[in-house]
1. Return a whole-number percent for the relative contact order of the chain, with Cα pairs under 8 Å and 6 or more residues apart as the contact set.
2. Pulled fully out, how much extra length does the chain show between Ala46 and Asp173, if you take 0.36 nm times their separation in residues and subtract their Cα-Cα distance?
3. Enumerate the calculated ³J(HN,Hα) couplings along the stretch 66-72 in order (Karplus 6.51 cos²θ - 1.76 cosθ + 1.60, θ = phi - 60°), each rounded to whole Hz, writing x wherever the residue is Gly or Pro.
4. At a probe size of 1.4 Å, how large is the accessible area of Trp58, to the nearest 10 Å²?
5. Please give the solvent-accessible surface of Ser25 in Å², to the nearest 10, using a probe radius of 1.4 Å with every protein chain present.
6. If each residue of separation counts as 0.36 nm, what is the full-extension length gain between Arg85 and Thr16 once their alpha-carbon separation is subtracted?
7. Give the calculated FRET efficiency between Ala56 and Asn33 to the nearest 0.05, with a Förster radius of 25 Å applied to their Cβ-Cβ distance.
8. Suppose accessible area is computed on protein heavy atoms with a 1.4 Å probe; arrange Thr16, Thr7 from highest to lowest.
Amino acid sequence: MAAEILTRRLRLRRPTLVDLDAIHSVHAALETNQFNPAGPMISRAAAEVTLATWSAHWDAHGFGYWAAIPLQKDEIAGFGGIVRRELAGRQTLNLYFRFAAAAWGKGYASELADAALRLAFEGLGADEVVGVTRENNEPSIRVLSRLGMILSGAIDNTDGAPRSLIYALKAADWRPVDASVHS
């Protein structure tokens, strides 16, 4: 797998130790956690655990979540990509994205997600990718729908919080959005 992927407007690369502050900042902000059942990341130590988890996945599988950096800037706008994950008793490729509030509304989530789907279907030969979001997370639902993902299930939460919706996209139904992605 390529260590770095360029899209039309983003450089996507494996997160490293120098990204700890950005991991914490993006995941600790109240705005970016409106729909996160775990709430904001509470400490830099939690960011270290997150990075260690992401790095272990990269080491084991050769891909994982990326740091997303706009091409005209040097600062991280967000994180996302795909990882192997067990969901409802089966192994899946899970699509994830989270961007700093300052990066919202620019289409970065769709651009990153499109690159992740390209990796899954063209690079890994995956049959399906899923994305999980809360039923009240309209911005994420719009991104997943724009990518062609369709509602395929739900997970009821025992804490009384809104259900988590599972969106899925089969390889046969995938159509790339951005033809300019390259590694």
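1. Working: 318 pairs, mean separation 37.9, N = 183.
Averaging sequence separation for qualifying contacts and normalising by length gives 21 percent for the chain.
2. Computed gain between Ala46 and Asp173 is 42.0 nm.
3. Running phi through 6.51 cos²θ - 1.76 cosθ + 1.60 with θ = phi - 60° gives 9, 8, 10, 10, x, 4, 8 Hz.
4. 20 Å²
5. Near enough 70 Å² of accessible area.
6. 22.7 nm
7. FRET efficiency, Ala56 to Asn33: 0.60.
8. Working: Thr16 60, Thr7 5 Å².
Largest to smallest exposure gives the sequence Thr16, Thr7.
The values are calculated or read from the model by the stated rules, or taken from the named source; none is laboratory data. Please read these numbers as outputs of a predicted model, since none were measured by experiment. Quick reminder, even Gly has a Cβ in these numbers, built from the backbone with ideal geometry, and neighbours come from all protein chains shown. Surface areas here come from the heavy atoms of the whole protein model, side chains and all, with no ligands, DNA or RNA. Shrake-Rupley method; radii C 1.70, N 1.55, O 1.52, S 1.80 Å.
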